[in-house]
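Take a look at the structure below.
The values are calculated or read from the model by the stated rules, or taken from the named source; none is laboratory data. Everything numeric here is computed off the predicted structure, so don't read it as measured data. Neighbour counts run over all protein chains shown; Cβ positions are idealised from the backbone, glycine included.
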Amino acid sequence: MQLLDKLYDQSVHGIVKVSPPIDKLANDYLQKSKDIDTAAKRFINYQIAKCTTSGFVTGLGGLITLPVAIPANVGSVMYVQMRMIACLAYMGGYDTDSDQVQTLVYACLAGISIDQVLKSVGLQFGNKFAITMVKKIPGTALAKINQKVGFRFLTKFGTKGMINIGKAVPIVGGVIGGGFDFAETKIIAKRAYKMFLEGDFDVPSGNDDESIVDEVEVMEDK
């Protein structure tokens, strides 16, 4: 969790000469779009498009400030994905500096259903979350979500996982090329849209994710 916390801080507040703070990035899209939904979908389209280019992330020298326990390739991928989620959360009106939103971003990245975790600790907010409801999630619930997140990432980024990801995501001169996990990033981006723009914190199935992918890609064509 300490490693994730470090990544989150840099995702939200940016890295000097590498990436701007989330509020600046999000407001740039919001100011150029007719509404929040359009801004969010344009942002998603652009992020997915960048996955196919060798310049998806450049100048990652700033990431040397991350704990050495995170391999450069894994840290870079997680940084980009977490940053996308946080930006969509900001667009949705959520406070990215709050503990609640930080935990929800982790859960989105890890693919954990918030609804199910909250029900397990006796909390039920209904099918759609309001921003005010998110603010009321108690620390005990956040701790349980973080437990699940930590376990999920220990499983995913164990020693064997790091080796596999290292092969899938080549890094040359601080640039993540076309080997970036394109499919996973699409799913994570759409999951974040559901959570923070639609208020649906019950992680959807793969089929639901794909339906949103189709919708966004149609918008891109238009």
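Listed here are the residues, each with its yes/no results for (1) among the hydrophobic types (A, V, I, L, M, F, W, C); (2) under 19 Å from LEU197 (Cβ atoms); (3) at pLDDT 85 or above.
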residue: LYS24; (1), (2), (3): no, no, yes
residue: ASN27; (1), (2), (3): no, yes, yes
residue: ASP35; (1), (2), (3): no, yes, yes
residue: VAL68; (1), (2), (3): yes, no, no
residue: VAL80; (1), (2), (3): yes, no, no
residue: ALA86; (1), (2), (3): yes, yes, yes
residue: MET91; (1), (2), (3): yes, yes, yes
residue: TYR94; (1), (2), (3): no, yes, yes
Checklist entry - Of all residues in the range 121-154, which are surrounded by 13 or more Cβ atoms within 10 Å (Cβ to Cβ), modelled with pLDDT of 85 or more and among the β-branched types (Val, Ile, Thr)? => result ILE131, VAL134, ILE137, ILE145, VAL149
Checklist entry - Among the residues of the range 99-116 satisfying the criterion of being surrounded by fewer than 23 Cβ atoms within 10 Å (Cβ to Cβ) and of a type in the set (Gly, Ala, Ser), which is nearest to GLN81 (Cα to Cα)? => result ALA110
Checklist outcome for this item: Of the residues in the range 1-37 that are of a type outside the set (D, E, K, R), in a helix (DSSP H, G or I) and without any contact (Cβ under 8 Å) to a residue 40 or more places away in the chain, the one that is nearest to SER98 (Cα to Cα) is HIS13
Checklist entry - If you go through the range 14-46 one residue at a time, how many are buried (at least 18 other Cβ atoms within 10 Å of the Cβ) and basic (Lys, Arg)? => result 1
Checklist entry - Restricting the search to the range 78-89, which residues are farther than 14 Å from THR103 by Cα and not β-branched (Val, Ile, Thr)? => result MET78, TYR79, GLN81, MET84, CYS87, LEU88
